[in-house]
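**Q** Please find one structure pasted underneath; my questions will follow.
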Amino acid sequence: MRRAVLAAALILAATAATAKETEPAPAAAPVKAASTVSGVTVTGEKSNPLVDKTTEFVRRRLPTSQNEQYARFHDPICVRVLGLPEGFDAFVTQRIVALARQVGASVDEAANCKTNVEVLFSTRPQAQLDNVAQKREFLLGFFYRAQYKATKTFSRPIQSWYLTRNVGTDGIGAFELVDPHPYDPDDGKMPAVKGRPGSRLGNDMSSELVNSLIIADAKKVAGEPIGAVADYVAVLALSRWRGLEKCSGMPTILNLMAEDCDAADRPEAATPEDVALLQGLYTVNPREGGSFQRAEIASAVRKAAAAEAREAAK
């Protein structure tokens, strides 16, 4: 029923969404984890048996910043979802906010808060992305010039881009951008980010997620349950991700849009592992070195998987 409702809603919204999509978006109860993914065997990527699979999942799926740390929102999140009928936009917004609260991310409660999580459902996603690239390229975050074409090409049902910044010991931050000039009109330079070298635990710097931009192809997601799409978007919004076109070796909602996953390997809700990973990300010491952060995040996922296995065995 939910599949049919979402498909119908997207069809009804298509005309209105197309009219709006020439401009990019301006700046509940806890999400219930899936209970049907225990014992899932995923066969997408071959893993090294000598390497812990959760550590490898974090390493492969979560990219680090230029100072090799994992970025998360420091500022309270403010969500705006566009392109669906109002009730569906609100539903997706509520799921993102609910998951954010559940994992420990701050939420801006103000009605006129400044948007930093932008979700756009569009029947013409490439045109939408072209418009963002032309008018607000900084929202696409850092990429090398050799990646210019790939960064600005929409090729999957749902894609995401992230703006991040590195913050130094003195609290001064600099955006990670291919061209930082627009952010300092006085001298055309970004401020220097100062660390504290000499410690094996880290350099006293941190990495912050500043903006998440998510664009969904309304035609390609029309056959999915609205709850599954909302959870996919929510998990996608709260951390940087990569490699999502491939099925992973973990039970995760992010397998929903992977090309080589069987139906049984595609949860329709955020899993305990998804929630644990984000909780780990939002509770690690932001100034620790990336290797320490990765170990703590992976540990949180392992504990969640073990608890799920014990519960399933009862």
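The values are calculated or read from the model by the stated rules, or taken from the named source; none is laboratory data. Every value quoted in this text rests on a predicted model; they were computed, and no experiment measured them. All Cβ positions, glycine included, derive from the backbone under ideal geometry; neighbour counts span all protein chains shown. We work out accessible area using only protein heavy atoms, side chains counted, and drop any ligands, DNA or RNA first. Shrake-Rupley method; radii C 1.70, N 1.55, O 1.52, S 1.80 Å.
**Q** Being in a helix (DSSP H, G or I) and either at pLDDT 90 or above or of a type in the set (Lys, Arg) (or both) narrows it down to one of 150, 146, 105, so name that one.
**A** Details: 146 fails: either at pLDDT 90 or above or of a type in the set (Lys, Arg) (or both); 105 fails: in a helix (DSSP H, G or I).
None of the other options fit; the residue is 150.
**Q** Looking at segment 147-170, which of its residues are of a type in the set (Gly, Ala, Ser) and over 18 Å from the mean Cα position of the chain (by Cα)? So that I can check it myself, show each step before the final result.
**A** As a first pass, look at segment 147-170 and keep what is of a type in the set (Gly, Ala, Ser): 150, 155, 160, 168.
Within segment 147-170, 150, 168 meet the criteria.
**Q** Suppose we filter segment 207-226 for residues that are surrounded by fewer than 20 Cβ atoms within 10 Å (Cβ to Cβ) and in a loop (DSSP other than H, G, I, E, B); how many remain?
**A** Number of matching residues: 2.
**Q** How many residues are crowded, with 21+ Cβ neighbours inside 10 Å and not in a helix (DSSP H, G or I) if we restrict to segment 227-246? Spell out the reasoning first.
**A** Here is the first cut: in segment 227-246, the residues crowded, with 21+ Cβ neighbours inside 10 Å are 228-240, 244.
From what is left, the residues that are not in a helix (DSSP H, G or I) are 238-240, 244.
The total comes to 4.
**Q** I would also like to ask the following. Name the residue, out of 120, 99, that is modelled with pLDDT of 95 or more, in contact with a Leu (Cβ under 7 Å, 6 or more places away or on another chain), crowded, with 21+ Cβ neighbours inside 10 Å and part of a helix (DSSP H, G or I). Lay out the reasoning, then the answer.
**A** Values: 120 fails: part of a helix (DSSP H, G or I).
Going through 120, 99 in turn, the sole match is 99.
**Q** Which ones in segment 123-143 are open to solvent by 40 Å² or more (accessible area, probe 1.4 Å) and among the aromatic types (Phe, Trp, Tyr)?
**A** Of everything in segment 123-143, those that are open to solvent by 40 Å² or more (accessible area, probe 1.4 Å) and among the aromatic types (Phe, Trp, Tyr) turn out to be 138, 142.
**Q** Among the residues of segment 257-314, count how many are among the acidic types (Asp, Glu) and not in a loop (DSSP other than H, G, I, E, B). Give the derivation first.
**A** At the first step, the residues of segment 257-314 found to be among the acidic types (Asp, Glu) are 259-260, 262, 265, 268, 273-274, 288, 296, 308, 311.
Subsequent filtering for residues that are not in a loop (DSSP other than H, G, I, E, B) retains 265, 273-274, 296, 308, 311.
Total meeting the criteria: 6.
**Q** Consider residue 288 against the criteria (1) crowded, with 18+ Cβ neighbours inside 10 Å; (2) at pLDDT 95 or above: it satisfies all of them except one. Which criterion is unmet?
**A** The number of the failed condition is (2).
**Q** Quick one: residue 37 ticks every box in (1) of a type in the set (A, V, I, L, M); (2) in contact with a Ser or Thr (Cβ under 6 Å, 6 or more places away or on another chain); (3) modelled with pLDDT of 95 or more bar one, so which box is it?
**A** (3)
**Q** Another question, if that's okay. Taking the condition under 30 Å from residue 289 (Cβ atoms) and modelled with pLDDT of 95 or more, does residue 158 pass? Don't jump to the end; show me each part of the working.
**A** Details: under 30 Å from residue 289 (Cβ atoms): no; modelled with pLDDT of 95 or more: yes.
The answer is no for residue 158.
**Q** Now, a different point. Can you find, within segment 40-76, the residue that is nearest to the chain's Cα centre (by Cα) among those that are among the polar types (S, T, N, Q) and modelled with pLDDT under 90?
**A** Among those that are among the polar types (S, T, N, Q) and modelled with pLDDT under 90, it is 66.
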